[in-house]
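Novice: My questions will all concern the structure given below.
The values are calculated or read from the model by the stated rules, or taken from the named source; none is laboratory data. Remember, predicted model here, so these are calculated numbers, not experimental data. All Cβ positions, glycine included, derive from the backbone under ideal geometry; neighbour counts span all protein chains shown.
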Amino acid sequence: MLVVLIRSILLYIAVLIAMRLMGKGEIAEMNCFDLVITLLIAEVAAVPMENNDIPILKGIAAIVGLVLMQTLVSFISLKSKTFHRILSGGSTVIIDNGTILYKALKRERINIEELMEQLRVQGYFNLKDIQYAILESDGSLSVVPTTNYNTTPSKKYVHLPIPLIVDGIVSEKGLKSADKDFCWLEGILKSHHIDKPEHVLVCILDEYDKIFIQPKQI
């Protein structure tokens, strides 16, 4: 029991030092390579911790090797923009000048619900308030609001924005929450020269009971 305790403490210290050597930037902005290295370090540390037959020095040596590999790759990434782009990828604009770039969303495997959720987390509840949204290489979302966006909540809000159509699918729950029916929605689509809900990327009844609608990109 004492041996297991001592091995666990030593491996914990080794992993702690390894993560510290990786640098604060690597932990705060973790790309795919950093995530793989972190998972491997955790796995390598777990094996000698669980199996007393494996010398602890082998586990520590493996951790040191992974840290050296990560340091080398990070150094090359700093010196070569091409290597950095291959390793980490680049940022992707997913909302450009108020327009959702559907092809960019598909390429990044993000659906409309996930996009709206990330915007709400940052305090943006209405798509019409977004000028630009950029998906960074670490997976975070950078948002630039429109110039007339008011950061002070208005007391005149009728309700939170209600999604009525998302990626061509009509939300029955949304219509019910808005106290509207499908005939009303069809009329809205026709007024925007849209034949079918399938041709709509997103349709939202905003907080002022106004419609925000964007057709799918052809």
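Novice: Can you name every residue in the stretch 168-210 that is surrounded by fewer than 15 Cβ atoms within 10 Å (Cβ to Cβ) and closer than 19 Å to Phe125 by Cα?
Specialist: Selection gives Lys173, Tyr208, Asp209, Lys210.
Novice: Output the residue which, of all residues in the stretch 34-70 that are among the acidic types (Asp, Glu) and farther than 13 Å from Leu11 by Cα, is nearest to the chain's Cα centre (by Cα).
Specialist: That would be Asp34.
Novice: Looking at the stretch 71-91, which of the residues that are surrounded by 13 or more Cβ atoms within 10 Å (Cβ to Cβ) and in a helix (DSSP H, G or I) is nearest to the chain's Cα centre (by Cα)?
Specialist: Step by step, filter the stretch 71-91, then rank; the result is Ser88.
Novice: From Ile60, Ile94, which residue is outside any helix (DSSP H, G or I), surrounded by 11 or more Cβ atoms within 10 Å (Cβ to Cβ) and not assigned by TED's automatic domain parsing to the domain that holds Val166?
Specialist: Selected residue: Ile94, the only one of Ile60, Ile94 that is outside any helix (DSSP H, G or I), surrounded by 11 or more Cβ atoms within 10 Å (Cβ to Cβ) and not assigned by TED's automatic domain parsing to the domain that holds Val166.
Novice: While we're looking at this one, here's another question. Can you name every one of the helices (runs of 4 or more DSSP H) wholly within the stretch 107-218 that holds 2 or more residues which are at pLDDT below 90 and either within 30 Å of His84 (Cα to Cα) or out of contact with any strand residue (DSSP E or B) (no Cβ under 7 Å at 6 or more places or on another chain) (or both)?
Specialist: Output list reads 112-121.
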